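Here's the structure we're looking at; comments come further down.
The values are calculated or read from the model by the stated rules, or taken from the named source; none is laboratory data. Here the structure is a predicted model, which means the values were calculated and not measured. Every residue, glycine among them, receives a Cβ derived from its backbone with ideal geometry; neighbour counts consider all protein chains shown.
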């Protein structure tokens, strides 16, 4: 029977990456975001589950403040944002059949609020990264110089250079920034990624065995893993390796509405019926749909290639972010 259907926002429902696009509003900003995002990944790979993947959304706050980028810019971005084909249709279809639809996203709340409202997801079912209320304040010249200096350092890096990224950003975030008001503001931003996503869905459902979760990236890994472990269905949609290795089903497609047969199978017979349905359609050609049953698959390389191909087609520049 229908239960909870949880979506990540950026990837499964919209091809846009809010933080990446916001950073693109100033010169060299996208390059800086790529470096900060990689730094975020490196910290996660070193620290594991004690670190919150998606913390880049806190780390970029000083850069956004330096360039006067505000919640109004996030709202405007959401108003103009593209949707993944079939997003409206699958949400309307699921709600009509009795599914409770939610969105658990690392994206900033002003962006997520506008987009999820546009998609018809009840606002009480949306969890996103909150911004501090007093985020707008005049920067000192010292703070401006600090930000501008690290931007120039990052811009001079030959990609990829993980050791220099760690050196430059490690110094910046651990030693230079914490003593400033910018640093203290960034510390108050708590991104909804990793275990924070697990806590969020547990607020809505006491049993993850009754849930279907859809994600695509490193920030979704813990949520997808917990839903899978507890008997629900976790679906990696045009996903990277972080999400694929934690999921039950892989779906590569240009249309998120290709989820429909999986949800029907869940209604008819739970996880066992979904497994049978996926294995009956395993693989696929072209752009939709390509299904894979992931548990027990050790070699994900060929699946990863299919997902990356369609991820790039839909998400363009944002496709290579983790």
Which one of the conditions (1) surrounded by 13 or more Cβ atoms within 10 Å (Cβ to Cβ); (2) assigned to a loop (DSSP other than H, G, I, E, B); (3) out of contact with any helix residue (DSSP H, G or I) (no Cβ under 7 Å at 6 or more places or on another chain) does residue 170 fail to meet, given that it meets all the rest? (2)
Considering the range 285-295 alone, what residues qualify as being in a loop (DSSP other than H, G, I, E, B) and surrounded by 10 or more Cβ atoms within 10 Å (Cβ to Cβ)? 287, 288, 289, 294
Of the residues 132, 138, which single one is free of Cβ contacts under 8 Å to residues at least 24 places away in the same chain, farther than 28 Å from residue 311 by Cβ and assigned to a loop (DSSP other than H, G, I, E, B)? 138
Which residues, taken from the range 246-268, are surrounded by fewer than 18 Cβ atoms within 10 Å (Cβ to Cβ) and either outside any helix (DSSP H, G or I) or outside the structural domain of residue 296 (by TED's automatic domain parsing) (or both)? 254
Sort out which residues of the range 173-222 are within 18 Å of residue 58 (Cα to Cα), part of a helix (DSSP H, G or I) and without any contact (Cβ under 8 Å) to a residue 24 or more places away in the chain, and write them in order of number. 174, 175, 184
Which numbered condition in (1) more than 19 Å from residue 297 (Cα to Cα); (2) assigned to a helix (DSSP H, G or I) is the only one that residue 242 fails? (1)
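Residue-by-condition table, conditions (1) in the same structural domain as residue 107 (by TED's automatic domain parsing); (2) at positive phi; (3) modelled with pLDDT of 90 or more:
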site: 136; (1), (2), (3): no, no, no
site: 146; (1), (2), (3): no, no, yes
site: 154; (1), (2), (3): no, no, yes
site: 167; (1), (2), (3): no, no, yes
site: 205; (1), (2), (3): yes, no, yes
State which residue is surrounded by the most Cβ atoms within 10 Å (Cβ to Cβ) when the search covers only the range 207-220 and only residues that are under 12 Å from the mean Cα position of the chain (by Cα) and modelled with pLDDT under 95. 219
Restricting attention to the range 230-242, which residues are under 16 Å from residue 307 (Cα atoms) and either at pLDDT 95 or above or not assigned by TED's automatic domain parsing to the domain that holds residue 100 (or both)? 234, 235, 236, 237, 238, 239
From the set of residues in the range 59-91 that are touching a strand residue (DSSP E or B) at 6+ places or on another chain (Cβ under 6 Å) and part of a helix (DSSP H, G or I), which is surrounded by the fewest Cβ atoms within 10 Å (Cβ to Cβ)? 91
Touching a residue at least 60 places away in the same chain (Cβ under 8 Å), touching a helix residue (DSSP H, G or I) at 6+ places or on another chain (Cβ under 9 Å) and surrounded by fewer than 23 Cβ atoms within 10 Å (Cβ to Cβ), is that true of residue 56? no
Only one residue in 282, 226, 298, 275 is over 22 Å from the mean Cα position of the chain (by Cα), buried (at least 17 other Cβ atoms within 10 Å of the Cβ), free of Cβ contacts under 8 Å to residues at least 40 places away in the same chain and in the same structural domain as residue 199 (by TED's automatic domain parsing). Which one? 275
